[in-house]
1. Looking at region 271-281, is at least one residue more than 36 Å from the chain's Cα centre (by Cα), buried (at least 17 other Cβ atoms within 10 Å of the Cβ), in the same structural domain as residue 257 (by TED's automatic domain parsing) and not in a helix (DSSP H, G or I)?
2. Look at region 338-392 and say how many of its residues are surrounded by 20 or more Cβ atoms within 10 Å (Cβ to Cβ), in contact with a strand residue (DSSP E or B) (Cβ under 8 Å, 6 or more places away or on another chain) and closer than 26 Å to residue 135 by Cα.
3. Give the number of residues within region 234-268 that are farther than 15 Å from residue 331 by Cβ and at pLDDT 90 or above.
4. Residue 244 fails exactly one of the following numbered conditions: (1) touching a strand residue (DSSP E or B) at 6+ places or on another chain (Cβ under 9 Å); (2) in a helix (DSSP H, G or I). What is the number of that condition?
5. Filter region 171-191 for residues that are under 25 Å from residue 392 (Cβ atoms), free of Cβ contacts under 8 Å to residues at least 60 places away in the same chain and in contact with a strand residue (DSSP E or B) (Cβ under 8 Å, 6 or more places away or on another chain) and give the result.
6. Checking residue 77 against (1) under 17 Å from residue 97 (Cα atoms); (2) surrounded by 17 or more Cβ atoms within 10 Å (Cβ to Cβ); (3) over 42 Å from the mean Cα position of the chain (by Cα), which single condition isn't satisfied?
7. Any chance region 363-372 includes a residue that's more than 20 Å from residue 160 (Cα to Cα) and assigned to a helix (DSSP H, G or I)?
Ligand SMILES: [Zn+2]
């Protein structure tokens, strides 16, 4: 009795009687049957334990001690003494018509949350990749209602003949709303018009590149649009980098190397610069006044960024834009024109705390998943998978 209890505990399967266990190569075979119980006839409701015959079913289970586990389950077929209906005994750990125990499926759902290929998960579970892929089809977290804060972004997925796909998220509650197969405005419009609570969207967070602003105004006229803070700050970083590259072109080899090395100094937070860093920057500025000017403007933007509220930010931003436009630096002027064009949305980021940080996180996972799965040949499956992975 004790022995039987131990095996049951070891297997963590309830009400089984194990009759034999054999290890063959890397597989552990377990022969078993269920304890006899009373069953209800599905046709007339009569309670019976009368057995008609037995059939052995091969069932795959989760690995035990590193062995792939194969259960040889001797299943009873009952016969109803009242209406003669024949029916299989019900087994709690085995879904109907399945060759895998419930916990294999549970394990696969857990593993599908990792950025791994379906093939590797299937192999882990002694399952064929198409069978494991079918489980992904059971996942669907499509949201029925739009969130109060809606973030929109695009990513390069190369799916279904489209380079870019569109991702919609709820950054406040950290959920993916949906992933669309294209970033075409027609498709986004059509998708969003499908929600009947569009008026509940109070904020839309985006970056300045997708060209979504007009569309979002049209769909959510009451919502405030916020430009993601990291995104607009990055524009200055890119501009400085372009100026540096332009400047080093006209220098001798030795200075060019020196310039290249200083790339990170220009981008480093100024309060983290060491004395040595500062000397190096001064040398740099001596031979490139343009870079010095650009750097000063970057510092000045730090001051804009540190504004305590919208009003302060508005004053500092317009002063910054004026100073940039007087600087004569083409690359920086381009940035200032963009900021001017987006000033309302930029200033909103000083008033409300929402960013695209969550969506950036999604995009990173997408990149990893795409790499391990060799692209996304089936967009529908990829979409479900990402939504599963991103669910906390
Ligand atoms: Zn019956």
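The values are calculated or read from the model by the stated rules, or taken from the named source; none is laboratory data. Treat the numbers as computed from the prediction; the structure is a model and nothing was measured. Note that each Cβ is placed from the backbone with ideal geometry, even for glycine, and that neighbours are counted across all protein chains shown.
1. Restricting attention to region 271-281, the residues satisfying the condition of being more than 36 Å from the chain's Cα centre (by Cα) are 274-281.
If we keep only those that are buried (at least 17 other Cβ atoms within 10 Å of the Cβ) too, we end up with 281.
Then keep just the ones that are in the same structural domain as residue 257 (by TED's automatic domain parsing); that gives 281.
From what is left, the residues that are not in a helix (DSSP H, G or I) are none.
For region 271-281, residues more than 36 Å from the chain's Cα centre (by Cα), buried (at least 17 other Cβ atoms within 10 Å of the Cβ), in the same structural domain as residue 257 (by TED's automatic domain parsing) and not in a helix (DSSP H, G or I): absent.
2. Result for region 338-392: 9.
3. Count: 0.
4. Condition (1) is where residue 244 drops out.
5. Matches in region 171-191: 177, 180, 191.
6. (2)
7. The first filter runs over region 363-372 and keeps only residues more than 20 Å from residue 160 (Cα to Cα), leaving 364.
Now drop any that are not assigned to a helix (DSSP H, G or I), which leaves 364.
Within region 363-372, one or more residues are more than 20 Å from residue 160 (Cα to Cα) and assigned to a helix (DSSP H, G or I).
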